[in-house]
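J.: The structure that follows is given in the form of structure tokens.
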């Protein structure tokens, strides 16, 4: 399938505007390549078209999001480790479900209670929080592995669930032959989908939709979600996979007037062009930034970074 080679250079992500955060350049030191994952046809990588219709109940649904937008890179998010063919493989005992996607992203097999072999760098650690998630990406092939509740176990690791996908595919996994969905995060999409990375903040531009989580999504789902972990009820509960867009008519000056600058402004501009997908159940509304342990934000991104952006300035897309 056509797609950008992950993290091998910036040519795959065309510059479409002035850098919003040139002063953040030191964040790029650890990873100077910043190609976005997944194919150019991925719903995560397609800008919202002009004139895209709103959900008729958009205003009422947004009223239900009565908390402030947040972004916490210190827990319940995703560290990203990039590996090479030389990275030693480790045994990971999967207690629950392992979702293995193959055939160019068109087929998936589900295995339960298996032990798999994954390249894991020395010193790699899952994110803080009970979810204890991790993402492993092999640059040369695009292979992506994810694990939930990863722990050290004897000479290897154990995890509750895990998956194998590829960053050159669409980020919309198929169902297995028996109809089971991709067993990862709430909406059944790979962990890298919608993740804000330090190289994007460093260059002042994010070229994809963002992942959004809040406390009461619906148990229903819509494309590009393949399932939902939501338990919200009533007409205001958003199905996982719903796309929201920050008002694209708002100028940089108006956004800055909220107190939204630097990484916040970079994020806001992406939310105007690409929006964000409801992708998980969370204790509070938040967009997902890479975990501090691998991103090394060092205070440049905190739980309050995007809080100046009012949820009332969004619309729910049909």
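J.: What are the residues in region 225-252 that are under 26 Å from residue 174 (Cα atoms) and in a loop (DSSP other than H, G, I, E, B), if any?
T.: Scanning region 225-252 gives 225, 226, 227, 228, 229, 230, 231, 237, 238, 241, 242.
J.: Looking at (1) out of contact with any helix residue (DSSP H, G or I) (no Cβ under 7 Å at 6 or more places or on another chain); (2) surrounded by fewer than 23 Cβ atoms within 10 Å (Cβ to Cβ); (3) over 23 Å from residue 48 (Cβ atoms), can you tell me which one residue 291 breaks?
T.: (2)
J.: Would you please name the residue that is modelled with the lowest pLDDT, looking only at residues in region 41-65 that are touching a helix residue (DSSP H, G or I) at 6+ places or on another chain (Cβ under 8 Å) and part of a loop (DSSP other than H, G, I, E, B)?
T.: Going through the qualifying residues, I end up with 65.
J.: Any residue that is touching a helix residue (DSSP H, G or I) at 6+ places or on another chain (Cβ under 9 Å), assigned by TED's automatic domain parsing to the domain that holds residue 47 and surrounded by fewer than 24 Cβ atoms within 10 Å (Cβ to Cβ) - is there at least one of those in region 216-234?
T.: Taking region 216-234 as the starting set, the residues that turn out to be touching a helix residue (DSSP H, G or I) at 6+ places or on another chain (Cβ under 9 Å) are 223-224.
Retained after the next criterion (residues that are assigned by TED's automatic domain parsing to the domain that holds residue 47): 223-224.
Restricting the remaining residues to those that are surrounded by fewer than 24 Cβ atoms within 10 Å (Cβ to Cβ) gives 223-224.
So far as region 216-234 goes, yes, one or more of its residues are touching a helix residue (DSSP H, G or I) at 6+ places or on another chain (Cβ under 9 Å), assigned by TED's automatic domain parsing to the domain that holds residue 47 and surrounded by fewer than 24 Cβ atoms within 10 Å (Cβ to Cβ).
J.: Now, a different point. Tell me the residue from 188, 155, 162, 179 that is at positive phi and either in contact (Cβ under 8 Å) with a residue 40 or more places away in the chain or buried (at least 24 other Cβ atoms within 10 Å of the Cβ) (or both), please.
T.: Values: 155 fails: at positive phi; 162 fails: at positive phi; 179 fails: either in contact (Cβ under 8 Å) with a residue 40 or more places away in the chain or buried (at least 24 other Cβ atoms within 10 Å of the Cβ) (or both).
None of the others qualify; the one that does is 188.
J.: Name the strands (runs of 3 or more DSSP E) wholly within region 67-181 that hold at least 2 residues that are over 30 Å from residue 303 (Cβ atoms) and within 21 Å of the chain's Cα centre (by Cα)?
T.: Working: elements: 80-83, 89-94, 97-102, 107-112, 115-119, 134-138, 143-148, 151-153, 156-159, 161-166.
Strands (runs of 3 or more DSSP E) meeting the threshold: 97-102, 161-166.
J.: For region 196-215, give me each residue that is within 26 Å of residue 98 (Cβ to Cβ) and surrounded by fewer than 24 Cβ atoms within 10 Å (Cβ to Cβ). Break it down into steps so the answer makes sense when it comes.
T.: Just the residues of region 196-215 that are within 26 Å of residue 98 (Cβ to Cβ), to begin with: 197, 211, 213.
Within region 196-215, 197 is the sole residue that qualifies.
The values are calculated or read from the model by the stated rules, or taken from the named source; none is laboratory data. Since this is a predicted model, take the numbers as computed values, not measurements. Don't worry about glycine lacking a Cβ; one is built from the backbone with ideal geometry, like all the others, and counts go over all protein chains shown.
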